[in-house]
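Right, one structure below, let's go through it.
The values are calculated or read from the model by the stated rules, or taken from the named source; none is laboratory data. Quick caveat, the model's predicted, so the values are computed rather than measured. Quick reminder, even Gly has a Cβ in these numbers, built from the backbone with ideal geometry, and neighbours come from all protein chains shown. Quick note on the areas: whole protein, heavy atoms, side chains included, nothing else; ligands and nucleic acids left out. Shrake-Rupley method; radii C 1.70, N 1.55, O 1.52, S 1.80 Å.
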Amino acid sequence: MASITANHPISGNPLISFRPKNPFLQTQTLFNFKPSNPKHSNSSFSIPIVRCSIRRRPEYTPNHIPDPNYVRIFDTTLRDGEQSPGATMTTKEKLDVARQLAKLGVDIIEAGFPASSEADLEAVKLIAKEVGNGVYEEGYVPVICGLARCNKRDIDKAWEAVKYAKKPRIHTFIATSEIHMNYKLKMSRDEVVEKARSMVAYARSIGCEDVEFSPEDAGRSDPEFLYHILGEVIKAGATTLNIPDTVGYTVPEEFGQLIAKIKANTPGVEDVIISTHCQNDLGLSTANTLAGACAGARQLEVTINGIGERAGNASLEEVVMALKCRGEQVLGGLYTGINTQHILMSSKMVEEYSGLHVQPHKAIVGANAFAHESGIHQDGMLKHKDTYEIISPEDIGLNRANESGIVLGKLSGRHALQAKMLELGYEIEGKELDDLFWRFKSVAEKKKKITDDDLIALMSDEVFQPQFVWQLQNVQVTCGSLGLSTATVKLIDADGQEHISCSVGTGPVDAAYKAVDLIVKVPVTLLEYSMNAVTQGIDAIASTRVLIRGENGHTSTHALTGETVHRTFSGTGADMDIVISSVRAYVGALNKMMSFRKLLAKNNKPEGSAVI
């Protein structure tokens, strides 16, 4: 059992401390939370910990969780995560990510901000229809959520998109900090309260029974004002109260105290779920999220790889694995319904679709997360893996290289390749396997040793690509110090027609890109270009990422600021030839942008949207 008990430090102020009662666990205070209401300082209550190896996901009720130790995971990769510069995804990519999140077992998928653009509305609607009506293990169906500002137009758009799901939710928000109310909203406190109350009531009135409310910038808001506005939206019908640290300003003890005070002082709070949403501006998003959970929050808002606005959000993989690794010991028995063996695949998919590379030392999913180079560490690992690993890589879907004994080469077949990719956390079959196999064979003819990193790079380049409008067939370049570089490029369009063009440039990549532009005839600006060697050696595969923006750029509305944002599109490519790798990335980015244009054109017609 675990309990919340009152203790009295030297200062004499009452503190609420979390201490596990199990004698086999360490009796240490994790976080101290001061209740602002003195009448709660002497209260004591126990929370039972269910101790079993497998726990069933509790039945979903919007404002209630039957098991007090269960923590809902709310993923906002497709909404907040996509606000990262260059992270624009096509509708098809968003649908793929949503399906993967459902495999992962995410309780709530925030699929987008439908009012931002017609493309986003159609993407959220498609996810609601397909993913929001799927039935997964043990009858689990994910909640599909759409974001809306506190106005009727946004809420109508959100409901139009999510109402097709079995479990739809509208998430509406308004700022509550003085700096936001004075300078951004130019509204008084009473006006903000009335707007929040009336819009939550409106969302309920149009048929949505699951409404989440967020007081934006709660971390810098007056606590007494928070208690008041939260109490009003509860009366209006809110089922979840999300407490966002919008600018990543708070520290763990401070944020934990905020959650505890809200639970102690908000009228009607016992009838809703408390949620956290922590940004990572000071690198504390995961710590703040866990502090919020220990203080009583039972929904945690996260993103895959921690992507998001500015420095990003709390990372799903970090929060979930922290609860899995330490939940029983020091976090009060808190647990989630996440199938952690799908974490690695989810991370790779989001990395490739968003174009935002994961840093090598990123916790849980970074390339170095389970690598051991120090001699002392290697010695310990050889003797016992637990000496330097607190998490098994198999727990997140990563099998150690060569454990299967499979060494791939030019004589390897499809079955061996499929088995190796499964070992690396990728489940592929059918056309995807065929396409990857022929790319693998072409590399194996040139390179004696095919590493895991080579296979992952080929997987990313071949499988995680947008539906093609243009497909690269051939590239031939001439370059050097004796004259201008020249390039000849052959592309194939969606109808199978071949198009060839030649151009000159300051270098082979510049010449090749100009040749592509002559064929595609869509003016773009190249914003970023980067290349990395996947492995060591002169025969390494080169991985390229580009970021482009159309000159007649597509725009959308930013969820928090309301500003018009110009969409950018990323592309990735991989090949042993750096020019081919570069052109693959450029064509991939163009395909994303042109597919997006086709979707917009399609939406202006009666037949509706298309998957791209």
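Quick notes
- Projected onto their three principal axes, the Cα atoms of the range 467-540 cover extents of 39, 31, 24 Å, largest first.
- Mean projected area (nm²) of the alpha-carbon convex hull when the range 382-534 is viewed from all directions: 13.3
- The trypsin sites (Lys or Arg not before Pro) of the range 507-551 that DSSP puts in a loop, and whose beta carbon has at most 13 other beta carbons within 10 Å, are Lys521.
- With the highest mean first, a sort of the peptides 157-163, 410-416 on other beta-carbon atoms found within 10 angstrom per residue produces 157-163, 410-416.
- Cα shape, the range 244-297, gyration tensor, a/c 1.5 rule: prolate
- Taking 7 Å steps out from each Cα toward its Cβ at Ser392 and Met187 produces label points 5.1 nm apart.
- Cβ-Cβ distance of Arg56 and Gln467, R₀ of 45 Å, FRET efficiency by 1/(1 + (r/R0)^6): the value works out to about 0.70.
- Structure note, pairs Lys125/Lys235; Lys348/Lys447; Lys441/Lys490; Lys125/Lys163; Lys129/Lys163: Cα-Cα distances above 18 angstrom occur for Lys125/Lys235; Lys348/Lys447; Lys441/Lys490.
- Working ranking of peptides 62-68, 282-288 by packing, defined as the average number of other Cβ atoms within 10 Å per residue, highest first, is 282-288, 62-68.
- Residues Lys410 and Ala494, FRET efficiency given R0 of 30 Å [Cβ-Cβ distance, rounded to 0.05]: 0.40
- Extension gain, Glu445-Cys325: 0.36 nm per intervening residue step, less the Cα-Cα distance, totals 38.9 nm.
- Placing dummy labels 7 Å off each Cα toward the beta-carbon, the span from Asn339 to Arg153 is 4.2 nm.
- Mean-position separation - Cα centroids, the range 449-479 and the range 209-225, in angstrom: 46
- Multiplying the residue separation of Asn474 and Ala363 by 0.36 nm and subtracting their alpha-carbon distance yields 36.0 nm.
- Surface composition of the range 208-307: carbon and sulfur atoms hold 49% of the protein heavy-atom accessible area at a 1.4 Å probe.
- Extension gain from Asp435 to Asp67, taking 0.36 nm per residue of separation minus the Cα-Cα distance: 127.9 nm
- Ala533 paired with Glu194, simple spin-label distance in nm, labels 7 Å along Cα-to-beta-carbon: 6.7
- Where N is the number of residues in the range 322-369, Cα Rg divided by 2.2 N^0.38 Å: 1.38
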